[in-house]
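A short worksheet on the structure shown next.
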Amino acid sequence: MKPLTILIVDDLPINLKLLRAQLESEGHAVFEAHHGAEGLALLDQQPVDVIISDILMPVMDGYRFCHEVRKSDRCRHLPFVVYTSTYVSPSDEKLSLDLGADKYLRKPASTNELVRTIEEALASPGRRPTAIFDETDVLKEYNTGLVTKLEKKNIELTDALARLELQNTALETAADAILITDAGGVIIWVNPAFTTITGYSAEEATGKTPRILKSDKHTEAFYRSFWQTISSGKRWRSEFVNRHKDGDIYYGEHTVTPMCDAFGTITHYVGIMHDVTQRKHAEQQLRDAHTQLRELLEHSPVVLYALSLEEDAIVPRLVSENVNRMLGFPVHETLTYEWWSEHLHPTIVSAPSPASRKR
């Protein structure tokens, strides 16, 4: 299809933005209007090839707009596509076509569907109305459509509120700290666990950035990598060393997820932090104990060893390094049943060897 000049009419900016993006991706030029009266005024100033219009709009709705276009000697030949998400019943479609619309399309439609519909409208444009515009008929269709739509929306809103209440309860009672920031990293919400872990109340944290938790335990390169990752739309997982409000250091496993709108623009960041301070302290204590044991094994004036009895057989588990210095045997040689059978007192190794038990 060759590039066209297309007028799109809709009162919702997000609908206009999405439709514009779809059409411009196909190489078409796009003009916008927010209701039928604005669309008519634009048609007086700008030649267009196709009109795509919503139905439910203020000032002048899509039905009246289509009627006025078909009354105009200058514009009646233009392909007119009705594009709606509110009036989707068979009677809505029939009324649109009776008033002179060339095609009727339900939102949301893919770019391929839009292109195909425009091509079909171009093939036989300027459909003659088969009905006279009657305010009573239009109001009847409006009322029927609105009642149906409101009933559906009421059910959807009730379900949505129930889900939101459940989600809010989950967030408020979560053991992990959760915070939400805007696209600039300014905190707009934290849950109670955030206060428990960091010491900062919701009032103290809101309006600040997570830098209030900075411990100076990470390099600037670490923070650059962090921001480069999330600002590119990728999820980030790693460990942060942060500082509590009272000055104490704590450790957290963090997941930060960018939240994007329908066009891929980052609008918020959601951070979840699992406090692992106790685990880190326990790991350090274990490392310290291991170091002490290693030093004891290496510097003890006697040979230290650990044996276990498994199925009536002695299995050497540990022998100190000084066995080589004191007895002249490499450690790896002492970690066998045979070595202990030969060098340890016979009463200790009287149990049969694993090999003998297999025979």
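Taken over the stretch 19-39, the criterion of being closer than 22 Å to H67 by Cβ and not in a helix (DSSP H, G or I) is satisfied by F31, E32, A33, H34, H35. The helices (runs of 4 or more DSSP H) found wholly in the stretch 268-334 and carrying at least 3 residues that are over 53 Å from the mean Cα position of the chain (by Cα) occupy 323-327, 331-334. Considering the stretch 222-258, the residues that are assigned to a loop (DSSP other than H, G, I, E, B) and out of contact with any strand residue (DSSP E or B) (no Cβ under 7 Å at 6 or more places or on another chain) include one that is surrounded by the most Cβ atoms within 10 Å (Cβ to Cβ), namely K245.
Look at (1) surrounded by 12 or more Cβ atoms within 10 Å (Cβ to Cβ); (2) under 30 Å from N15 (Cβ atoms) and you find that T267 fails only one, number (1).
Are there any pairs, at least 6 apart or on different chains, whose C-beta atoms fall under 6 Å, with the first in the stretch 219-247 and under 18 Å from T209 (Cα atoms) and in contact (Cβ under 8 Å) with a residue 60 or more places away in the chain and the second in a strand (DSSP E or B) and among the charged types (D, E, K, R), and if so, which? Pairs found: none. Return the residues of the stretch 11-24 that are out of contact with any strand residue (DSSP E or B) (no Cβ under 9 Å at 6 or more places or on another chain) and under 10 Å from L114 (Cβ atoms); say none if nothing qualifies. Within the stretch 11-24, Q22 is the sole residue that qualifies.
Readers should treat all values here as calculations from the given coordinates under stated rules, not as data from a laboratory. Bear in mind the structure is a predicted one, so any value in this text is a computation, not a measurement. Note that each Cβ is placed from the backbone with ideal geometry, even for glycine, and that neighbours are counted across all protein chains shown.
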